[in-house]
C-alpha cells in the first residue's frame, strides 16, 4: 500500500490538523494536555507505518526544522502577550527569579542524578543532558493555563517564557565549553548577550518603521521570513538568537513605551498596531500547526518499549521528584502558601526534545536511554493534568459556596418583606 504519495500526504496532513483541533477542545474540557494526545497519535501512526511498509523513514531532519520554527513561533507568541507596565515590574522580576533559580537548581540536581546512575556519563555531559530536562515547556503551559485567574496565568506565561530563553542560552553556553578554542568564558558570553540585545533593538525599530510603510496586503509572512532569517543569521554568528525574537515581540507589543519623544513622530501607531494584531493571529495559527506536526512526528520516532525499563523508570522518577521538590520550595519562598496549582505546572515538551537532539556528538552518551526523555515529558504532563483538574474542581466548589451564600442572604431578606406586607403587620 502506497502511504507516501502527494494526495495521501495531503489527506494525512489534513486529518492530523483536524484531530489536533479536536484534541484542543477535548483538552479544555478534561485538562489533559493536547500534547499527550498528539504523541499518542504519533505512536499509533508509527505502528500503522510498520504494518503497511518496511521502508524506514528518517524523520529527524523534519523534526529539527519543525522544532526550530515552532520554538521561534512560541517565543514570539508569548512575547506578544507581555505588557511592560510599571505595575507589572514586580510580577515580571518574580517570574524571572523563579525561572532562573529553578532552572539552575533543577539542572544541578538532574546532572547529579544522571552522573551517578548512568555509566560513562561525565559531569560535563550530565549538565548538557540535564539542561533540556530542566526547561519548562511554554508550548504546553501557555495554552493549558488559559482558565486560571489573571495573576496565576500571568505568572506562568512570564515564567515559562523566561525558562525557555534562559535554558536555551545555558545549553549553548555549555556546548561552547566543549570546544576550548571557541569558549570565551562568562565575559565573552556577557558581551555576546549585550551585542545581541543591541542588534535586536535596532532590528526591531527598523522592521516596524519599514513594515508600517508597506502598502501590500501580503506582508505578514514576509515579516515572519525576516525574523526567521535574523534568527538563522544570529545562530551562524553565535549570537543568542532567541533574544532577537523576544525583543522584537516586546517592542511591537509595547510600541508606546519604546517609541517616545522624537521617535514617536516616526511611528504611525494605527498601521503598526494593525500589523501587531494580524501578527498575533498568524503567529498563534502557525504555532498551532507547527506544534501539532512536531509532537506527532516525535511520537513517530520514539520507542515506547523503553518506558518499561526498570532503570529508565527509576532515573525518571528521581528526576521528576527533584523537579517538583525544588519547585515547591521556590514557590513557598517567592509566592507564600498559595502555590496550588502553580507548584505542579512544570511540564517538559518541545524545547526538551529539540535540545536533546542538538547535543553535540562529542558529548553524547550511548548508555543514555531516550525513554527517560519520554517518561519525564509524560510524567510532568500527567501531574499537571491532575493539578489543573483539582484546581478546576476547587474553583467550581468555591463558586458554588459563594452563590449559595448569596442566595441564602436573599432568602433571609425576602420573608421579612412578605411577612410584614409593607405595613409592619404579619399576614
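Read-outs: derived from the displayed coordinates by stated rules, not from any lab. Because the structure is predicted, anything quoted here is derived from the model rather than measured. Using ideal geometry, Cβ is built from the backbone for each residue, glycine included, and neighbour counts are taken over all protein chains shown.
Worth pointing out:
- Note on the chain: GNM, Cα springs under 10 Å; of 135, 168, 401, the largest mean-square fluctuation is that of 401.
- Extension gain, residue 278 back to residue 88 (0.36 nm per residue minus Cα-Cα distance, nm): 65.9 nm
- Helix 310-335 axis, angle to the chain major axis (alpha carbon atoms, nearest 10°): 50
- q = 0.20, 0.26, 0.28, 0.29 Å⁻¹, region 103-144: log10 I(q)/I(0) [Debye, one scatterer per Cα]: -0.57, -0.77, -0.85, -0.88
- Taking one quarter of the surface of the C-alpha convex hull of region 112-270 gives a mean projected area of 13.2 nm².
- Rg and Dmax of region 90-199, both derived from C-alpha coordinates alone, stand at 15.9, 49 Å.
- Simple label model, 7 Å out from Cα along Cβ direction - residue 317 to residue 64, nm: 3.6
- Full extension of the chain between residue 96 and residue 198 gives 34.6 nm of extra length, using 0.36 nm per residue less the Cα-Cα distance.
- At 0.692 mPa s and 37 °C, Stokes diffusion of region 248-316 via Kirkwood alpha-carbon radius, µm² per second: 204
- Annotation: region 70-109 has a Kirkwood hydrodynamic radius of 11.8 angstrom, from the mean reciprocal C-alpha pair distance.
- Taken along its three principal axes, the alpha carbon spread of region 28-164 comes to 60, 41, 28 Å, from the longest extent down to the shortest.
- For region 115-131 versus region 331-381, the gap between their alpha-carbon centres in whole angstrom: 15
- Cα shape, region 215-256, gyration tensor, a/c 1.5 rule: oblate
- When you work out D = kT/(6 pi eta Rh) for the chain at 10 °C and 1.306 mPa s, using the Kirkwood radius from C-alpha pairs as Rh and the Stokes-Einstein form, the result is 67 µm²/s.
- Gained length - residue 216 relative to residue 235, 0.36 nm times residue gap less alpha-carbon distance: 3.8 nm
- Size-normalised alpha-carbon gyration radius of region 18-78, reference 2.2 N^0.38 Å: 1.38
- Axis of helix 34-52 versus longest Cα principal axis of the chain: the two differ by about 40°, to the nearest ten degrees.
- Label positions at residue 257 and residue 122, each projected 7 Å from the Cα along the C-beta direction, are separated by 4.3 nm.
- Inter-centroid distance (Cα atoms) of region 57-71 relative to region 277-295, Å: 15
- Helix 150-177 vs. the chain, principal-axis angle (Cα, 0 to 90°, nearest 10): 10
- Candidates 194, 228, 266: whichever shows maximal mean-square fluctuation once the chain is modelled as a Gaussian network with Cα springs under 10 Å: 266
- GNM on the chain, alpha-carbon springs under 10 angstrom: the most fluctuating residue among 395, 138, 122 is 395.
- The modelled label-to-label distance between residue 382 and residue 364, using points 7 Å beyond Cα along the C-beta direction, is 2.9 nm.
- Descending semi-axes in whole angstrom, ellipsoid equivalent of region 278-357, from the Cα gyration tensor: 28, 25, 9
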